[in-house]
Structure formats: structure tokens, C-alpha cells
Amino acid sequence: MEFDPLSRLIIISNRVSAPKGTETGAQGGLAVALSSALRETGGIWFGWSGERTDEFTGHIDLQRNQGVTTATIDLEDQDIDEYYNGYANRTLWPLFHYRVDLAEYERDFAGGYKRVNERFADTAVPLIDPADAIWIQDYHLFPLGEELRKRGCKNRIGFFLHIPWPPRRLLSILPEARALVRSLFAYDVIGFHTDEWLQAFVDFVRDELGANVGDGVVTLDDRTLRVIACPIGIDAQEFADLAASVKGRLAYRRMRDSSVGRDMIVGVDRLDYSKGLEERFLGYERFLVEHPEERKEVFLLQIAPPSRGEVGSYQKIRSSLERLAGRINGAHADTDWVPIRYVNQGYGRDELAGVYRAAKIGLVTPLRDGMNLVAKEYVAAQNPEDPGVLILSRFAGAAEQLRDAVLVNPYSAEEISDAILLALRMPKEERIRRWSAMMESITTQDVSWWRKTFTDALLAEECTPA
Ligand code: ADQ
């Protein structure tokens, strides 16, 4: 079903990424996809500005940029501490990434999370027309649908989860789990990246809440919710073009020159414990030890811009990675070779595309990841006539789609080491065969496909009167 021309789309996410400037690749793939959806349908992108205010006022900053209207609010310190740095990033994020050991349960966090979701609802409601379709993004805003319903909102409301959904027994550890999941029945459609996350959700609602499970739907009391697996993609063609752009080619040349004939292995990740960076370094070190003849033929470039620096577990991973990179370099470097180049900067998307293209191996080893867009970007940036090899964790959502990557268990240093050797020695015909299959898949299921699949499901849904 096509988008009803009368329905505007209201996108609500924690942060809003307005189109900015004209610089190539200034905006990330998801932001580009959501902006272009809004340009087609009209509508508003609502969320937190990222700014602090002394006292929450509910003032909305409305802006129009390149055909996209954004509406942002500022939050006060206590909101940011309890909702964003607290419940979202110290409770839900670690738990949903299976890190029970890092998850913190504080009633203040849960209270702040509820308060901010209420504030989002209070401020968004006046912007919503009865014919609008609403699309809420990610774990920061699980209860927002219910809050909107409480305020009389009868619109179609969809929710997309960008991170994994944990197994039932794991989620049960969260003190508010049952109430939180029950609140999701306010939505008409919920989207997950993979069947695995979708099944885990269905297990929870069936076994913990007693919901009835049908074909692609779950019912609790009088509410029926459609569940879909809908893997997010990238704009594969745009990424390939970025690699061939002037800045992309310059970055490629710079990397090639500085490699002096050695093969580059590249990792690009937000500095986050879910990305398996320590395990990656240890796997690479194992490779250096097991294959001394290959040592000076390769190097690892790890790009990891710091994120969520106000959260203790992120400060810890940052310093332990610095120590580990220092130790490995100290133990193995020579006067003319350093095994790991570890940088904490962010780069433009065009430069990043050039760096990916220059790398013989893309090493993507999260311990758990909803999807992982870096894996797809690495594939899209390759030279079709001489592509590199993607080594990918089995525990990334992307592994459900990218079966032709070299799949590894990221906890096993031996598997990472073996995979590096296999990738370095892989004949060109096999590299082309694997790359073509992966490129085909990410081109077909690109970010526009993802957006359309979700919004079609949302609009096909009969809105159950709330
Ligand atoms: P993230 O955990 O942020 O996303 P990912 O999907 O890999 O993970 O996206 C990261 C993005 O940041 C990529 O587009 C990458 O190019 C960019 N990036 C990383 N380092 C960079 C650097 N140094 N300079 C510039 N750009 C950089 C969450 C989930 C994922 C899910 C996405 C989308 O955790 O599993 O794939 O949302 O749903």
C-alpha cells in the first residue's frame, strides 16, 4: 500500500539530526533516510536538541531546513542524568546487549525515564494532527506510545527498535520489565532488525504476559500488535559514490601511501563495550603471535570515536583499550612498523568510504549488535574488481543477511586469528564472489527499502481505537 498522501509522518527519536549544510556525507545514513521520508510525506521530526536548560519549559524550537521540519526541546540536568545517561545508557543499553554485569537498576533512573517520556508526549501532542502516522525510534522511548494514547492520541503509531531484543530470562532481570513490555501494546506495529530479536520479543510476551501469538501478530487483552523483521540498510549506491568522490579518493590514496605495501585491516566503531574492541585486539594479537611470517605484512587501523563519556563503563573501556593497544604495540612493534594504529577521531563519511576501500579486510566483531551499519558500509565502498574481505561477528544482526562474510565468534581469539589468515590468502575470484552476493543484498534491501517496508506496514494497519 502506498503512503496516503494525506498522512504526514511524525518521527520521534531521542535526538534529531537535521539536514545541515551541503557538505557531502555530513549526515549519517539513518538521518538521510528519515529526512527523505519526511520530504516525501511532509511532517515533523521531533526530539531532544542535545542542549541543557535550567528548568524544563516545554518550549519547542521549530526549524525548517532543506524541506524538513524539526521540532526540538531542551532537557534539564536531572532529566539528562536519569533518562539519558541513566535508564537509557546504564540500564537498558547494557541489558539489551546481554551485559547483565554492567546494567544498573536505580528507581531514580526509571522515574526520570518515565518523566522524560511524559514530557515528550506533553510537548509533541499539540503538533500531531488526527491523520498523521507516528513513527517512534528506539529504546529511549519505549513507553512514549502509551503516553500518547493516554493523551487521547488515536493515530497509527509504530515503533522501531535499533538494538537487539534480549532473551526472555535476561530481560526478566529488569525490575520494570513486565510493565515496560506491556506498554508496547499501545503501538500498532513494532519493527526489529532480525527474526532472532523478533522471536525473543514474542517469547517474552507469550510466556511472561500471556499474550496470544498469531502469524506476525501478538494480542494482549483488546490490543493487537503487528511485529515485523525489517533490517535497516544503508544507501549503498551513495556510499559507493562517496568512495569515488574527490575526498574519498584522497583518503584512499593517503592510506595506500602510508601502508607502504602492507595490507590494512580496518575497524570503525563508536567506542562502546558492545563492539568487542578488546576481543578484536586480542584476536589480532593472537594472529601476530601465531603467524610471525605475516606480521610485518599487515597492520590494524582502529578508528573509535569516544561516545557516552559521562557514563563510567565507557570511561573504563576507553582506558582499558588504550592500555591494550599500548601493550600490544609495545610488545610487537619494530622501528619501521607499528601493529595497531588506534585513533579516536570522527571522520567525514566520504573520507571513511576511502579508508574502507583501501582496507584488505574489514574487521567487524561486535559481541552483540542490533544490525551494524559499518559492515554494510565496508562492503559498499569496495572496488568491485578487487574487493576486500569482510570478517563479521555471528552476533551482529547484519550476520543474518551477510552470509558471505567470513563469520566468526568474536569471543574466540583463535577464530579471529584464523579468519584474518583466511582473508589475507583468499583468492580474488572468491573475494569477488562473496562481495557480489553481499553487495546484491545490501543494494536490494537498502535504507529506502527499510523505511518503505516499515511505513507500508504501519499504514496497512487498521488503527485499533485506543
Ligand atoms: P551504532 O551502535 O552507532 O548504531 P552502527 O550501526 O555501526 O552502530 O552505526 C555507526 C555509524 O557511525 C556508522 O554509520 C559509521 O559510519 C559511523 N561512524 C562510526 N565511527 C565513525 C567515525 N570515526 N567517523 C565517522 N563516522 C563514524 C545503532 C545500533 C546498530 C544499528 C544502528 C542503526 O547499535 O546495531 O545498526 O543503530 O539501526
Worksheet item: Within region 336-347, how many residues turn out to be away from the ligand (no atom under 12 Å from the Cβ) and in a loop (DSSP other than H, G, I, E, B)?
Response: 3
Item to complete: Search region 266-280 for residues that are in the same structural domain as ILE361 (by TED's automatic domain parsing) and pair each with any residue that is part of a helix (DSSP H, G or I) and near the ligand (Cβ under 6 Å from one of its atoms) when their beta-carbon atoms are under 6 Å apart and the residues are at least 6 apart or on different chains.
Response: VAL268/VAL374
Worksheet item: Only one of LEU220, LEU198, LEU209 is over 17 Å from PRO167 (Cα atoms) and modelled with pLDDT of 95 or more; which?
Response: LEU220
Worksheet item: Quick check: is even one residue across region 79-102 in a helix (DSSP H, G or I), over 25 Å from the mean Cα position of the chain (by Cα) and modelled with pLDDT of 95 or more?
Response: no
Discussion item. Every residue in region 239-252 that is part of a helix (DSSP H, G or I), in contact (Cβ under 8 Å) with a residue 24 or more places away in the chain and surrounded by 15 or more Cβ atoms within 10 Å (Cβ to Cβ), please.
Written reply: PHE239, ALA240, LEU242, ALA243, LYS247, GLY248, ARG249, ALA251, TYR252
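Rundown of residues vs (1) modelled with pLDDT of 95 or more; (2) crowded, with 16+ Cβ neighbours inside 10 Å; (3) more than 13 Å from the ligand (Cβ to nearest atom); (4) charged (D, E, K, R), yes/no style:
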{"residue": "VAL213", "(1), (2), (3), (4)": "yes, no, yes, no"}
{"residue": "THR224", "(1), (2), (3), (4)": "yes, yes, yes, no"}
{"residue": "ARG254", "(1), (2), (3), (4)": "yes, no, yes, yes"}
{"residue": "PHE281", "(1), (2), (3), (4)": "yes, yes, yes, no"}
Discussion item. Looking at ALA353, ALA325 in this structure, which one is under 23 Å from ALA380 (Cβ atoms), in the same structural domain as ALA423 (by TED's automatic domain parsing) and within 16 Å of the ligand (Cβ to nearest atom)?
Written reply: ALA353
Discussion item. Any residue that is under 30 Å from ASP138 (Cα atoms), without any contact (Cβ under 8 Å) to a residue 12 or more places away in the chain and away from the ligand (no atom under 11 Å from the Cβ) - is there at least one of those in region 382-398?
Written reply: no
Worksheet item: Here are some residues: GLN302, GLN315. Which one is part of a helix (DSSP H, G or I) and either surrounded by fewer than 17 Cβ atoms within 10 Å (Cβ to Cβ) or within 15 Å of the ligand (Cβ to nearest atom) (or both)?
Response: GLN315
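The values are calculated or read from the model by the stated rules, or taken from the named source; none is laboratory data. All values reported here derive from a predicted model rather than from experimental measurement. Note that each Cβ is placed from the backbone with ideal geometry, even for glycine, and that neighbours are counted across all protein chains shown.
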